[in-house]
Amino acid sequence: QQQVKQSPQSLIVQKGGISIINCAYENTAFDYFPWYQQFPGKGPALLIAIRPDVSEKKEGRFTISFNKSAKQFSLHIMDSQPGDSATYFCAASIVGSNYKLTFGKGTLLTVNP
Amino acid sequence: ETGVTQSPTHLIKTRGQQVTLRCSSQSGHNTVSWYQQALGQGPQFIFQYYREEENGRGNFPPRFSGLQFPNYSSELNVNALELDDSALYLCASRRGGATDTQYFGPGTRLTVL
């Protein structure tokens, strides 16, 4: 049972373009939605996170859009750079469950120069 | 770089053997979680320790066990290794309480032959 579905599996974007990665969740009890970035040979690093009481959160070039009624959230990377090339994971958790993270399967982003 | 460290970096074992992986949490963090990341997949929650007690477990068999020590460092033990146990094992620490951010270590790459 996959509780967090992530798409696309891979994404190729030109430098300066916008990268968009989407996630959908099933469990309406989820109330914390982080995005992680992972480079080869490294552990995941938190990029940005959102709680369901807001519909959008922006930090620098990274924006999360959240649609509670559709049970969907997405990551937008503006002005994508070759250094952004990595695997991105969405995740979800329930605050009352001690923040156990349920991850999507990941999106491999390649930003061409 | 987070303050979470893991050892060893890589490990090769054979089927049926036992393995112990170690994690030092970030300073001030009293909650440690372990995740298994198979190749090309998102991390999957194994269990979590808070103040030396297990307080959450994912869908993993009892041969996966753990410990947390008074300094909040942690061990993951896996008995009777199977080929499917080959994965990157990630440790994540959190300050605890209402703090939601989890910081991941670089992981231990376990190969079971």
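Scalar couplings 3J(HN,Hα) for segment A:80-94, obtained by applying the Karplus form with A = 6.51, B = -1.76, C = 1.60 to θ = phi - 60°, are 4, 10, x, x, 7, 4, 5, 9, 10, 10, 8, 8, 8, 8, 10 Hz; x denotes Gly and Pro.
Each label was represented as a point 7 Å from its Cα along the Cα-to-Cβ direction; for A:Q81 and A:K5 these points are 3.5 nm apart.
Stretching B:L113 away from B:F60 to a fully extended chain increases their span by 17.1 nm, per 0.36 nm per residue minus the current alpha-carbon distance. Cα centroids of segment A:61-113 and segment A:43-59: 8 Å apart.
What is chain B's relative contact order, in percent, from Cα pairs under 8 angstrom and six or more apart in sequence? Relative contact order here is 37 percent. Our coupling estimate for segment A:56-72, obtained by passing each phi through the Karplus curve with A = 6.51, B = -1.76, C = 1.60 and θ = phi - 60°, is 7, 9, 10, 9, x, 8, 9, 9, 9, 10, 10, 10, 5, 5, 8, 6, 9 Hz, Gly and Pro reported as x.
Can you give the FRET efficiency to the nearest 0.05 for A:Q14 and B:N79, using r as the Cβ-Cβ distance and R₀ = 41 Å? For R0 = 41 Å, the calculated efficiency reads 0.25.
For the set A:K42/A:K105; A:K15/A:K42; A:K71/A:K105, the pairs lying more than 20 angstrom apart at their alpha carbons are A:K15/A:K42.
Only the coordinates and a few stated rules stand behind these numbers; no lab work does. Source: prediction; values computed, not measured. So basically every Cβ, Gly included, is an ideal-geometry build from the backbone, and we count neighbours across all protein chains shown.
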